[in-house]
Amino acid sequence: MSEEPENLVEGTLISHLLELRDRLIRAVVIVALVFLPCTFFSNQIFIFVATPLEVKLPKGTPLVATTVMSPFTTPFKLSLFVAIFIAMPYIIYQLWGFVAPGLYRREKRFAVPLLISSIVLFYFGIVFAYFFVFPVMFAFFAATTPKGVAMMTDISNYLDFVLTMFLAFGGAFEVPIAVVLLVLTGVVSLEKLKRNRGYVLIGAFIVAALFTPPDAVSQSMMAVPMYLLYEGGLLMARVLSKTHRNASEGEEVKARRAPRPPKIPPSAAE
């Protein structure tokens, strides 16, 4: 029995814009709902985020606020980013709901695992930065502080630094997804990516030098995981491309075996 041709959902430009508006409103609402309880615990959240630095500072050295509004605006700003991070799966789900009707069934089959993996890897990047990178990085900075200099960090500057590191490591952990997409879309072949491993390693250290402090420890703690994730992306791309090729061959076989309508002789047609 042959499969019916797959039809994509079509609509007018206005209908698509209205749907996009509705989904964006839902995303904003869920961020606001998560943001409200985060503001109530904003000081506790900031204490949690500041813990990796506080435990490495010399005893009796506190964090400082150099502006009048910093004690309020800094935890408030952090609460907003935390709300966005927590609501990110729902935001991605709304974007997926808007894009999915324009994809074929085979494209959806590969897009859903990649979408889920990208969210999980982004969170893993943040967790890796907080629990593994920050303790080593701040211990190095505290140990290299010149004698007679008090290491007193402004809370606003610290928050900006931490958010930058979270975004950098979260983005760095998306390397396997980028590799898989490059291979599956045919932009770059898997064999070419394998041959360019050396350039990728150099590029990883260059990217780490741009987003991390100028010390070898911090740069290595970003560059080395990036390269290992690149190797993992190559493995994932090889498995998924093989699955994609087998699925395409299976569909071609089904199409060849599908019964064709009988030809009508010209005399009968007249």
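The values are calculated or read from the model by the stated rules, or taken from the named source; none is laboratory data. Keep in mind that this is a model prediction, so the values were computed, not measured. Quick reminder, even Gly has a Cβ in these numbers, built from the backbone with ideal geometry, and neighbours come from all protein chains shown. Heavy atoms of the whole protein, side chains included, go into the accessibility calculation; ligands, DNA and RNA do not. Shrake-Rupley method; radii C 1.70, N 1.55, O 1.52, S 1.80 Å.
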- prompt: What residue, among those in the stretch 14-31 that are over 14 Å from Val99 (Cα atoms) and of a type outside the set (Lys, Arg), is modelled with the lowest pLDDT?
  reply: Ile14
field: When residues of the stretch 29-45 are limited to those that are under 23 Å from the mean Cα position of the chain (by Cα) and surrounded by 14 or more Cβ atoms within 10 Å (Cβ to Cβ), the one nearest to Asp154 (Cα to Cα)
entry: Ile45
field: Qualifying positions in the stretch 46-70 - of a type outside the set (D, E, K, R) and open to solvent by 90 Å² or more (accessible area, probe 1.4 Å)
entry: Ile47, Phe48, Val55, Thr66, Val68, Met69
- request: Assess whether Thr73 counts as being among the polar types (S, T, N, Q), touching a helix residue (DSSP H, G or I) at 6+ places or on another chain (Cβ under 6 Å), within 27 Å of Ile126 (Cα to Cα) and surrounded by 13 or more Cβ atoms within 10 Å (Cβ to Cβ).
  value: no
- prompt: Within the stretch 224-234, is even one residue over 29 Å from Phe161 (Cβ atoms) and modelled with pLDDT under 90?
  reply: no
Which numbered condition Leu210 fails, given (1) over 21 Å from Met88 (Cα atoms); (2) in contact (Cβ under 8 Å) with a residue 12 or more places away in the chain: (2)
field: Hits in the stretch 140-166 - residues which are out of contact with any Leu (no Cβ under 7 Å at 6 or more places or on another chain), modelled with pLDDT of 90 or more and not in a strand (DSSP E or B)
entry: Ser156, Asn157, Asp160, Phe161, Val162, Leu163, Thr164, Met165, Phe166
- request: Give Phe98, Phe110 a once-over and let me know the one that is crowded, with 16+ Cβ neighbours inside 10 Å, assigned to a helix (DSSP H, G or I), at pLDDT below 90 and not charged (D, E, K, R).
  value: Phe110
field: Unique match (being at pLDDT below 95 and either under 29 Å from Phe138 (Cα atoms) or of a type outside the set (D, E, K, R) (or both)) among Val34, Val55
entry: Val55
